[in-house]
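Notes follow once the structure below has been shown.
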Amino acid sequence: MWTELKTKAASVDGRAILDLFDEARADEFAVQTQYMRFDYSKTNIDTDTRALLLALAGSANVAARRDAMFAGEKINETEGRAVLHTALRNLDGGPVHVDGEDVMPGVLDTLARMEDYAGEVRCSDITDVVNIGIGGSDLGPAMAVQALSPYHDGPRVHFVSNVDGAHIADTLRGLDAKTTLVIVASKTFTTIETMTNARTARAWMQDHGGDPGAQFAALSTNLEKTSEFGIPEARVFGFEDWVGGRYSMWGPIGLSVMLAIGPDGFRAFLRGGQEMDRHFCAAEGAENMPLMLALVGIWHRQVLGHATRAVLPYDQRLGQLPDYFQQLEMESNGKSVTMDGGAVPEESGPVVWGAPGTNGQHAFYQLIHQGTSVIPCEFMVACEGHEPELRHHHDLLVANCLAQSEALMRGRSLDEARAKIADKFEGTELERQAAHRVFAGNRPSTTLIYPKLDPFTLGQIVALYEHRVFVEGVILGINSYDQWGVELGKELATALQPIVEGEAPADDKDGSTQALVRYLHTHR
Ligand code: F6P
């Protein structure tokens, strides 16, 4: 199927996307559910290409793998684990079995404990919550807390992730240790950055009149370590190894979100995820939004060879969504080995990056429009903002979002560029100036449009992208749920720590590392 797709790509190379539009295209090349619309009509995908892409998904057994995932089979084969973040949002679904045991009673019990605890904290004199975590124990909740700020009615929530002391110092400065709750969020409870920050926060609380015995909570799978750290069981919210770190915001790792927006808001977020799960499991072929989002991704990255994709939310509160998707997609599908240990036959997942519009327009869109590389863009926008009194802002925001995807597709020809400035220049100067004002156009983009960024919608968006990553991983034969690629750096950092501290020689290090350590020691 890859060969057919590449042949097809070669045959439509240079074809104008704009010319594909007839009256039906906009609807035929979009997936619309009751709650949102995903438009991929501004790509060079036609009916035949879509059929080939769907056949590719068919030959990779995406549907069977999906069913295996939801059924609790151990599809994370390198770690021998099930992949069941979907169980965390299976609010009123049926039983889900792992090793013959229904995990749902435990999931619902932990959710109820979180709700009781959140209720208690939200009624107490706690004014500030500091979530200490990194990667999946930080990016998701931090993104969601910002995204849902109009729904905040709890304590202020802060996030500390970096081991750079600047992060925790800047965060704790100005907080009252007596009214601050520290949440240590770590699936393993061994991550060096998180444990270092947690110990620093504990010392700060002790020194400033707080009570770490009462003002620390833990979110983890490692109950032995949470107890060693001294956090009483009542304030430990555990989860199982079948929840991957970057997929974990639906359970205990989402406690900071629950504290900010309340248990009802958090349930609405879970329901959004569950709604997308139902859609993903039920919708057929081209009607299936995560499937089509993934296939558009495969078309752009593996078939056409575009190395990156930009996530461009026209939604200021989704400012951290590109960072969150970066981990979700790159840690999941940035791999060159297939499940059975062979080489991935196609390119691995793309570089994912982005920033909210309209800010990005004034920073990096120049390259997207006129650079030599094609960067598929994924726009997102809400029909309505949360500031009815600022409706004109929102209209301008939406107009910009639509204008960018139109401009990328339409471009501007040399004739049009010339006509624009014909009154200012003439002759060779006109030609020279006009050349700079040409936009190649024909640059692909998709747009996700949803009514309003509320908890339910955010839940759907996050689950949509999770399933997209899953489908892309299945098609590439990758295990999207391990992350061995982060291990080597961690090991070397541990070995380098005594060298940096001056406690061990750097003799066995390469010349560059030795020289950098020498510079460090002579300049501090
Ligand atoms: O370094 C990678 C990683 O293991 C991520 O996958 C994970 O989200 C992050 O570190 C944090 O891990 P933990 O939640 O165990 O502290």
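Here, each number is a calculation from the coordinates, and none is a lab measurement. All of these numbers come straight from a predicted model, not from anything done at the bench. Every residue, glycine among them, receives a Cβ derived from its backbone with ideal geometry; neighbour counts consider all protein chains shown.
Remarks
- Which of D102, D153 has the fewest Cβ neighbours within 10 Å, and the rest in rising order: D153, D102
- Qualifying aspartates and glutamates (Cα of each under 19 Å from Cα of K8; at least 8 residues distant if same chain): D19, D46, D48, E346, E347
- Nonlocal amide H pairs with V130, under 5 Å, H built at 1.01 Å: H158, L181, V182, I183
- For segment 44-60, 3J(HN,Hα) per residue [Karplus equation, 6.51 cos²θ - 1.76 cosθ + 1.60, θ = phi - 60°, Hz, x = Gly/Pro]: 8, 8, 10, 4, 5, 4, 4, 4, 5, 5, 5, 5, 4, 4, x, 6, 8
- Figure legend: label point modelled 7 angstrom from the Cα of E347 along Cα→Cβ; residues of segment 29-61 with amide N under 17 Å from it are 43-45.
- Scalar couplings 3J(HN,Hα) for segment 161-171, obtained by applying the Karplus form with A = 6.51, B = -1.76, C = 1.60 to θ = phi - 60°, are 10, 6, 6, 4, x, 4, 5, 6, 4, 5, 6 Hz; x denotes Gly and Pro.
- H167, H158, H362 arranged by Cβ crowding within 10 Å, fewest neighbours leading: H362, H167, H158
- Sequence of M289, M195 once ranked by neighbouring C-beta atoms within 10 Å, starting from the fewest: M195, M289
- Each peptide in 339-350, 466-477 receives the mean, over its residues, of other Cβ atoms within 10 Å, and ordering these scores from highest gives 466-477, 339-350.
- Additional length obtainable on full extension of the chain from L91 to K420, 0.36 nm per residue less Cα span: 112.7 nm
- Segment 238-250 - phi-based ³J(HN,Hα) in whole Hz, Karplus 6.51/-1.76/1.60, Gly and Pro as x: x, 8, 9, 5, 7, 10, x, x, 7, 10, 9, 5, 7
- Gyration tensor (alpha-carbon) shape descriptor, the chain, a/c threshold 1.5: prolate
- Shape descriptor for segment 84-261: Rg over Rh equals 0.96 (Cα atoms; Rh from the Kirkwood inverse mean 1/r).
- Taking every DSSP beta bridge that has both ends in segment 84-261, the antiparallel portion is near 10%.
- Spatially, segment 255-315 and segment 103-141 are offset by 23 Å when compared through their Cα centroids.
- Members of K187/K452; K74/K490; K187/K335; K335/K490; K6/K42 lying beyond 24 Å, as alpha-carbon distances in this model show: K187/K452; K74/K490
- Estimated purely from DSSP H runs of n ≥ 4, each contributing -39500 (n - 2.57), the mean residue ellipticity at 222 nm for the chain is -14000 deg cm²/dmol once divided by its residues.
- At an R0 of 41 angstrom, the distance between the Cβ atoms of S227 and R518 translates into a FRET efficiency of 0.45.
- Degrees, to the nearest 10: 2-12 long Cα axis against longest axis of the chain: 40 degrees
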